[in-house]
1. Regarding the protein assembly as shown, what are the three Cα extents along the principal axes, ordered largest first, in Å?
2. What ³J(HN,Hα) values, in whole Hz, does the Karplus curve 6.51 cos²θ - 1.76 cosθ + 1.60 give for the range A:160-166 when θ = phi - 60°, with x put for Gly and Pro?
3. What does the average come to when, for each residue of peptide A:368-376, you count the partner chain Cβ atoms lying within 10 Å of its Cβ?
4. At 7 Å along the Cα-to-beta-carbon direction for both B:Asp50 and A:Asp411, put a label point, then send me their distance in nm to one decimal.
5. Take the eigenvalues of the Cα gyration tensor for the range B:3-264, scale each by 5, and report the square roots as semi-axes in whole Å, largest first.
6. Per-residue counts of other Cβ atoms within 10 Å, averaged by peptide: what ranking do you get for A:431-439, A:382-390, A:68-76, A:233-241, highest first?
7. Name the long-range amide H neighbours of B:Ser185: under 5 Å, sequence gap of 5 or more, or other chain; modelled H, no Pro or chain starts.
8. By how many nm would the segment from B:Ala75 to B:Gln32 lengthen if fully extended, with 0.36 nm per residue of separation less the alpha-carbon distance?
Amino acid sequence: MKFLAILVGKLAALATRLTKTGSGTTLPGLMAEKIEPQIIRKIAERLKYGVIVVTGTNGKTTTSKMLVEILSEEGYTVLHNPSGSNLTRGIASALIHSVNIFGTGLEADIAVFEVDEATMPEATTKLRPRAVLLTNLFRDQLDRYGELDKTAAIIGNSLRGFSEMTTILNADDPLVSSLAKYSEGEVVYFGVEDQGITTDSGLAMDSKDCIACGHELVYEERYLGHLGKWHCENCKEKRQKPLVSASSIKVSPFVSKFELALPKENLKVEMPIPGLYNVYNALAAATAATVTGVGAPAISHTLRNCEAAFGRMELIEVEGKKIMVLLIKNPTGANQALSAIYSDGKPKKVGLFLNDNFADGTDVSWIWDIDFEYFKIAGSEFVASGIRGEDMALRLKYAGVDKKNYKLEKDINLATKELAKKLKKDEIGYLLPTYTAMIEIRNNFTVKSDELCNMGKVTKRGL
Amino acid sequence: MSYKVKLYHLYPDAMNLYGDMGNVIALAKRCQWRDIEFEVVDVKIGDSVDFSDADIIYMGGGQDRGQKIIQNDLAKRKTEIQGWIESGVVSLTICGGFQLFGKYFKTAEGEEIRGIEVFDTVTTAGDKRLIGNVVVDVSAATAKWAQKFRFKNLENPTATLVGFENHSGLTKLGPNTEPLGTVVSGYGNLGDGGYEGGWYKNAIGTYLHGSLLPKNPWLADHMIAVALMNRYGSPIPLDNLDDKLEEAAHKAAIERAKTAKTLSI
Ligand SMILES: [Zn+2]
């Protein structure tokens, strides 16, 4: 039976690739799972060092990618679901690809799986992970999951009943931190320890009140959305001490520098990707690696050379001009992208491409929580585009952007060229698309992301 | 003479889900573009607030947790807010805010969250989440408003509202609250594609996020016009604004409501 399930899965993968009906990442899993429902559990059980599951709203793809690279650097053979196909069936496909048709000879010895919040109950039951890493919980794709508290409860309940499993939580996120109570195994935390990067942007605070008692939380430092050093004055709930932390953080449009405090060692890290959110991603990956027993050298080496995950950050070339593409999918992510872009305080040329297909989230209300009013966008020029380009242009108009400084061009290709046209020679443009808009851009323009690291280095010298 | 509109924003922290802040931004900008001073007073739990200078009372949507957190504080303000609505103060409440301006909201767990009975409505949790783009025909309501206020922006005979709904609560209207409109596409108050929202005097409640007012500028202008009339005792003509982009966004939302799939999960 298992033989048949794996064979069918392999044939389906081949068929999808040959007929170009898809990338071959979910169909094989779907078919194999139909034949033997236990297949994921059985294959997962044979991974010598087990499975690490990464979930949360923002950063799970980049965090997973960093963790896979750290583990590989340490000498593990890592299995993961890299195609953004992050449902259980995508995982089944990844597992099936890695074994031969007899179900033996699994090459990988450890797995890192990125799992959607809503899929967590199925994922923990089937994969029985050694560790679950929860990056953060922001409002996102509410049309898919309902409300944030309900998402948290779904993840929390998925942690119950596994006393061997380590739960890795973001100490700075009060909602994530509150999930410790569900865990029956060890719980460790990661967090930021910094006084210099506090934000006073008031929008996109998703979790302002104490989970335990409802009292408004007090923040000594607030770093990003509702992430920060928090405590409750009413019931004494407070941020837990992190096992791994980051301090002395400095971000610019191309690089992030910080000090990473591991349990036994401090590292100075300089990553060629920008933004505090990527510091959080690195912190999360380093914590999961530490829990797995990886030493400082592999962590340090990997973070210095890391890249953002597929589509999260790309460099494209359009008519001889370079445009940096940063995926946005919710207000916190968009605010972080803008804060990275505007970290040098200079006006920019920015494209904002808003689609409302299922993969983007069908509700575009969230753009009203992008804190344009907070960033120093005066003098910047904008191009709004996408299926809901009018909504994005309207957001810019109501943020007080001068009429001559924003333009609506519904067609994504024309809008991208329009943005390129605005750029002076050697000036870098910025493009913030939602998911399906990003795919369209990738399909139509030359992606040159390998140059991103060099740009980071050039900028560093220039600073 | 310079004019002024003062908005009281109920619980901006606990009740701001799905970008409802955009409604306050829209009112502020549409006043400022006309040189009308716009002031916002944030009302938070425990604040001692006198609403006697309020032209507009506003509350956005929130999660069940947000609603539970504010219910006791809101209850203390019940008589005062009811009194001002009774005297004609303008009000807009969205989603969870709309529910709490009714009699009660009974959650899926059977818990009853008390409202302040501005609207003659009761809300009970349904077993599905109703999610998607919405178009509402509000011409019946605007016809009545037009009889009372002869504002130019109410003259459009096919007045529509566009927005995005995401709720599991089902809201039933009693005899003292009229529906805001009938659903052209979407689920509406009861999930059956029947009617949407509710209104009483100058208080409007709706499930529409989007944000609502930027894409429905005529409603924002109606609220501003009534607020000015209340404050200054006679109609104050509003300058025309260039609303081409607003109208394009309104049309795009109507188109999208025809093509995009809705969800009930
Ligand atoms: Zn507390």
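1. The Cα atoms of the protein assembly as shown stretch 82, 61, 54 Å along their principal axes.
2. The phi angles translate into 5, x, 10, 6, 8, 9, 8 Hz.
3. For this peptide, the per-residue mean of nearby foreign Cβ atoms is 3.
4. Label at B:Asp50, label at A:Asp411, 6.1 nm between them.
5. Taking √(5λ) for each Cα gyration eigenvalue gives 25, 23, 16 Å.
6. A:382-390, A:431-439, A:68-76, A:233-241
7. Amide H to amide H, under 5 Å and 5 or more residues apart or across chains, B:Ser185 pairs with B:Val135.
8. 12.2 nm
Rule-based calculations on the coordinates, nothing more; no lab input. Bear in mind the structure is a predicted one, so any value in this text is a computation, not a measurement. Cβ atoms come from the backbone with ideal geometry, glycine included; neighbour counts cover every protein chain shown.
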